[in-house]
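Below: one structure, written as structure tokens.
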Amino acid sequence: MNIDRKDEAGGPIELSVQGELTIFGAADAYGVLTRVLSEKRDLRVNLSRVSELDSSGVQLLLAAKNAAQRHGQRFELVAHSPAVLDVMDLLQLGPVFGDPVVVPA
Amino acid sequence: MNLEPALQAFFAEADELLTRMEEALLGLESVPDDRELIDEIFRAAHTIKGTAGVFGFDDVVHFTHEVESLLDRVRDGQIAVSAAVIGPLLRSKDHIGALVRAVAEKSELSGQDRAEGDELTGVLLGLLGKAPAARGDSLVAQAPGVPAEPVSDAGDDDCAGSGNWHLSLRFGVDVMRGGMDPLSFLRYLGTIGEIVHLHTVADALPPWLELDPEACYLGFEIDFLSDASKADIEGVFEFVRDDCVLHIIPPYAKVSAYLDVIRALPEDDLMIGELLVLSGALTRAELERGLAQQKGGSDSEAPAGPTAPLGEILVEAGAVNAGVVDAALVKQKQVKDNKAQEARSLRIDADKLDQLIELVGELVIASAGVQNISQTLANIQLSEASEVLLRLVDDVRDQALSLRMVQIGATFQRFQRVVRDVSRELGKDIELVISGAETELDKTVVERIGDPLMHLVRNAMDHGIEQTEVRVANGKPARARLMLGAQHEAGSIVITVADDGGGLNRDKILRKAIERGLVSEDAQLTEREIDRLIFAPGFSTADQISNLSGRGVGMDVVRRDIEALRGTVEIDTQPGRGTSLSIRLPLTLAIIDGFLIGVGTATFVLPVGVIVECVELAGEERSAARARGYLDMRGEVLPLLWLREAFDMQGESPTRRENVVVVQFGQSRVGIVVDQLMGEHQTVIRPLGKLFSALRGVSGSTILGTGEIALILDVAGLLQIAGRNELVSHPATRARGVEADERSASLNVQ
């Protein structure tokens, strides 16, 4: 797993997750997110290159969203990969995250 | 997530479970109403189904489900145990094995296996009293667990209106750390029914900074439409049973059942209530009425405290019978037992073990080097230290090798089934007697001895044991005995396959051998030589080729397999009384205690286990032995083999004296003539390359402490060369003998 960070001037921080967002990388992802969350800025997480998502990944995204919202920052998920959509679908999480999802044709 | 290790564990476990299932089924044949055996078979099938489900191996799940259904009926006493049930169950067990193998090898099921599966499914459904399903139908949908009857009285206010199951699931914090992903259970759940509505409960998530990213905080409220029984639904979560709170509310349950669950859950009552309304399990009116009732109503009706212990499954009224509860208890106990056992033993990747053994091998070589130097330096302190080191290395070596040792019993047990099936096929009554099942030997050897043993066992049953009428006519018990035994014997293990059949028919063997041109017509053969003819390539005595053996590709392959393991096979047969085949195998393939001998400047290693004694060959005796080719050993004739000539080595033999190493292998004893004896040596066996595979008389190589290479002599091979070429008979014929044999070792070591 790899998380790239891109700062847009005036815009949100965009994190791009690459590879497996699973229990094996959960501690690393938690570390990255903790640092980013501490900056108290809006966040956008690009999920287009997530190859696998498990419960720990889902949980991490949920917790991060809660944390961001508690401080009044925006937290959005964009460009869900098929693996992410599959899980979101199974757990019926669409309304929970409330992000628009582009379903591939 | 990388599932590979978990998958491997599943395949290994399925293998063990299927073996146990087979043993239990065979046991059931003699004791048809043994409860424990029936339970054991059921548990095996159930566990395989459950695990296969978690991994999403639908084929395995579907088929095993039918088997399990049948077993369930048997367990309830609805179907009696009989050959009509055991037969299909044994075949089913084989088919499950085939399905699991197909998954493991990531291959498609062969057409034959597929047909077998379809046929078996039909048989199983027939036994269950159901019409065989059309192909492609979800077999799971036909599960025997009939959901609770809808309560017809529409006026009953207490009855909630939904035909869905409701599952309330809270995973324990350690579930993910334990290697399980809650998602996989939900996916599996989706295979036995339809998830109508699912709400992910994340209320237990702590604030960000208190979050443990590897802990699990998730719960799920699920509405589930399925014909599966409650036990089936519970079964989905079997592997997290101890680590989750699961409440299952059957379809058309009373409102109070929902309320009980609502109260038992850690979340706010109203929130869960809302959830249930949201998911359509309850109507708002039902909820409000229910909550009000509970509040104002009698306390005696209130369920036990809200803190349900982990793993507790609330048994809701209606959909559950006592049998399910029993099964659940048994399962829980079994899980605990398994855990206790896991604590005592550890599953290790065989590769890791091989690496360890290899390292120990290097250590042995290195320590031999140290010993060598310490001897040269003759420093007392250094020698003492190196002695201690050597002893420790010895112990390490023994311990490391013992890690690879497994009991042969499991291999023997497999033959129970073979003997049962084959004896039926042949119409013979054969009993398998196993002894020495606890004898240990190297895992590699155990793995590779299976095929040759199978061949010998089949041969014994097909050719060795007579038809029942013949036995009775000869005054023998109608029930024949086939004995499989193992025992340790001086650094090797001896495995015996013996029968009490008619023994080898030497006349017939000789006739057939002459027919096939294996021996000349006027050959004078001893009885032992005739017996050994059955190991000749292309030999078969069968007048008719049966299904089992007799195609003439058998015994020579067996012999070669065994020789590849550095083993030998001996026959002992008594006409009318039976035949016994003894396979002698080395205990391990990796390291042996060797004895160094020298010829010219080359060094060879003989396994210490085969050496009887060493004698000096000098003076008159030497020239006499040279002329005769044998030695008078305290009145007995000891044939001699000159190693220098056997290997066609250059250089002159020493002028003063030579040495004879007397080796014993099986029943033959031979003296090997060498230049010098150099003492014992820990020998790490390194295989020879493919290039040398045709080389006879040498089984491997090793590296000495000095860094030189020494060849390890293969005594059985040497004896063969000696016997075939009559190397030992007369010096004059020796050289010719070597040349004459195309396969003999012609090796220029210098």
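The values are calculated or read from the model by the stated rules, or taken from the named source; none is laboratory data. Here the structure is a predicted model, which means the values were calculated and not measured. Quick reminder, even Gly has a Cβ in these numbers, built from the backbone with ideal geometry, and neighbours come from all protein chains shown.
Just give me the residues in segment A:63-101 being assigned to a loop (DSSP other than H, G, I, E, B) and within 13 Å of chain B (Cβ to nearest Cβ), in sequence order.
Within segment A:63-101, the first condition is being assigned to a loop (DSSP other than H, G, I, E, B), and the residues that meet it are A:71-74, A:79-81, A:91-93, A:98-101.
The answer is A:71, A:73, A:91, A:92, A:93.
Considering only segment B:55-72, I want to know if a residue exists there that is among the small types (Gly, Ala, Ser) and surrounded by 20 or more Cβ atoms within 10 Å (Cβ to Cβ). Within segment B:55-72, one or more residues are among the small types (Gly, Ala, Ser) and surrounded by 20 or more Cβ atoms within 10 Å (Cβ to Cβ). For residue B:508, state whether it is more than 28 Å from the chain's Cα centre (by Cα), modelled with pLDDT of 85 or more and of a type outside the set (S, T, N, Q). Judged against the criteria, residue B:508 is not a match. Restricted to segment B:165-185, and to residues there that are among the charged types (D, E, K, R) and assigned to a loop (DSSP other than H, G, I, E, B), the residue that is farthest from the other protein chains (Cβ to nearest Cβ) is B:174.
Of all the residues in segment B:406-437, those that are outside any helix (DSSP H, G or I) and without any contact (Cβ under 8 Å) to a residue 60 or more places away in the chain number 13. Candidates in segment A:51-62 are the residues that are more than 7 Å from chain B (Cβ to nearest Cβ) and under 12 Å from the mean Cα position of the chain (by Cα); of these, the one that is farthest from residue B:176 (Cα to Cα) is A:61. Filter segment A:22-39 down to the residues that are over 23 Å from residue A:91 (Cα atoms) and either within 12 Å of chain B (Cβ to nearest Cβ) or part of a strand (DSSP E or B) (or both) and list them by number. Those that are over 23 Å from residue A:91 (Cα atoms) and either within 12 Å of chain B (Cβ to nearest Cβ) or part of a strand (DSSP E or B) (or both): A:28, A:31, A:32, A:34, A:35, A:36, A:37, A:38. Restrict the check to segment A:40-50 and report whether at least one residue is facing chain B (nearest Cβ under 9 Å) and either over 24 Å from residue B:215 (Cα atoms) or outside any loop (DSSP other than H, G, I, E, B) (or both). No, because not a single residue in segment A:40-50 is facing chain B (nearest Cβ under 9 Å) and either over 24 Å from residue B:215 (Cα atoms) or outside any loop (DSSP other than H, G, I, E, B) (or both). Residue pairs, Cβ under 8 Å, 6 or more apart or interchain, first in segment B:1-26 and assigned to a loop (DSSP other than H, G, I, E, B), second at pLDDT 80 or above. List them. The qualifying pairs are B:1/A:20; B:1/A:22; B:1/A:23; B:1/A:24; B:1/A:52; B:1/A:54; B:1/B:181; B:2/A:24.
Within segment B:565-583, can you find the residues that are surrounded by fewer than 16 Cβ atoms within 10 Å (Cβ to Cβ) and among the basic types (Lys, Arg)? Within segment B:565-583, B:577 is the sole residue that qualifies. When you scan segment B:104-114, do you find a residue that is surrounded by 21 or more Cβ atoms within 10 Å (Cβ to Cβ), outside the structural domain of residue B:191 (by TED's automatic domain parsing) and assigned to a helix (DSSP H, G or I), even just one? No, that holds for no residue. Taking segment B:443-536 as the region of interest, the helices (runs of 4 or more DSSP H) fully inside it that hold 2 or more residues being farther than 29 Å from residue B:353 by Cβ and among the acidic types (Asp, Glu) are B:506-515, B:527-532. Would you check which residues across segment B:186-221 are more than 8 Å from chain A (Cβ to nearest Cβ), in a loop (DSSP other than H, G, I, E, B) and aliphatic (A, V, I, L, M) and list them? Result: B:192, B:204, B:215. Residues in segment B:468-500 that are crowded, with 21+ Cβ neighbours inside 10 Å and either among the β-branched types (Val, Ile, Thr) or not assigned by TED's automatic domain parsing to the domain that holds residue B:457 (or both): B:493, B:495, B:497. Residue B:212 fulfils the conditions (1) touching a strand residue (DSSP E or B) at 6+ places or on another chain (Cβ under 9 Å); (2) of a type outside the set (Phe, Trp, Tyr); (3) within 23 Å of residue A:71 (Cα to Cα) except for a single criterion, (1).
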